[in-house]
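Notes for the one structure printed next.
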Amino acid sequence: MGFLQGKTAIITGAGFAALKDGSAGSIGFGIATAYAKEGCNLVITGRNVKKLEAAKEKLETEHGIEVLIVAADVNAGADNAAVVQGVIDAAIEKFGRIDVLVNNAQASASGVTLADHTTEQFDLAMYSGLYATFYYMQACYPYLKETKGSVINFASGAGLFGNYGQCAYAAAKEGIRGLSRVAATEWGPDGINVNVVCPIAWTAALENFKEAYPEAFEANVKMPPMGHYGDVEKEIGRVVVQLASPDFKYLSGETLTLEGGMGLRP
């Protein structure tokens, strides 16, 4: 057990999703597993209660930590500030502290071109991603200030590189990057570091994307130079753990591309 022993992390979008072969196919669950192995208690959120319950059972049984599940859906028709505050209140009531916030949740209509995108599809990406990140960061701030905690937000190569058929997704993710950089500036004096991860891993969502939109998949999803897609726990989750560690506290406002060499930028 390491520096996260007895601490609390909130991870959004952390339900267990299985690939067709039955293995873990969720970046959020991979992150949760990496944190659980460090002895960190978890608050996991999502829209699908069954996936959250499956994640809780696996994490508590296999790693001996406590997991609080809170169903939460940030969307265009909800009182989103209240939805998120409910998660934070439950976390504090259960664990008494918040040390890490990981904003991983995101839905989108990837594969639909800009010309064909509807307002509802655009809202789906903005609310589930950008607005959710905003509300969670705002609600967690007083507690992260107390613990001098860390925020890890998730963006995407879709925004960095302008991927075909991902206009709303890219816009939401670039908004998250901008929000994160501002937070790094404003919250640095409070001892809070804020960073962004752009990952690629073989997930259930990517597997479904390939089947539903093969043209967009072929246009956007390339095999990384390292010859494989990232492992959701070992190659994504472990980095997210390190971004909350004392060794990386001076790193803030940065975007890390965990894409096996595919995310090269000048």
Pairs of Cα atoms farther than 20 Å apart, segment 1-85, %: 33
How big is the gap, in Å, between the Cα center of segment 24-50 and the Cα center of segment 133-206? 17
Give me the Kirkwood hydrodynamic radius of segment 8-258 in Å, from all C-alpha pairs, to one decimal place? 18.0
Considering the chain as a Gaussian network with a 10 Å cut-off on Cα pairs, which listed residue, Ile92, Ile65, Ile236, attains the greatest mean-square fluctuation? Ile92
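Going by a ≥ b ≥ c, the root eigenvalues of the Cα gyration tensor, does segment 161-242 fall in the rounded group (a/c under 1.5), the prolate group (a/b larger than b/c) or the oblate group?
It is oblate, given that a/c is not under 1.5 and a/b is not larger than b/c.
Of the trypsin sites (Lys or Arg not before Pro) in segment 1-83, which ones lie in a loop per DSSP and count no more than 11 other C-beta atoms within 10 Å? Before the final figure, lay out each step's value.
Details: sites: Lys7, Lys20, Lys37, Arg47, Lys50, Lys51, Lys56, Lys58; in loops: Lys7, Lys20, Lys37, Arg47.
Counting only loop positions with at most 11 other Cβ atoms within 10 Å, the trypsin sites (Lys or Arg not before Pro) in segment 1-83 are Lys20.
Where a number appears in this text, it was derived from the coordinates with a stated rule and is not lab data. No experiment lies behind these values; they were computed from the predicted model shown. Note: ideal-geometry Cβ built from the backbone for every residue, glycine included; neighbour counts use all protein chains shown.
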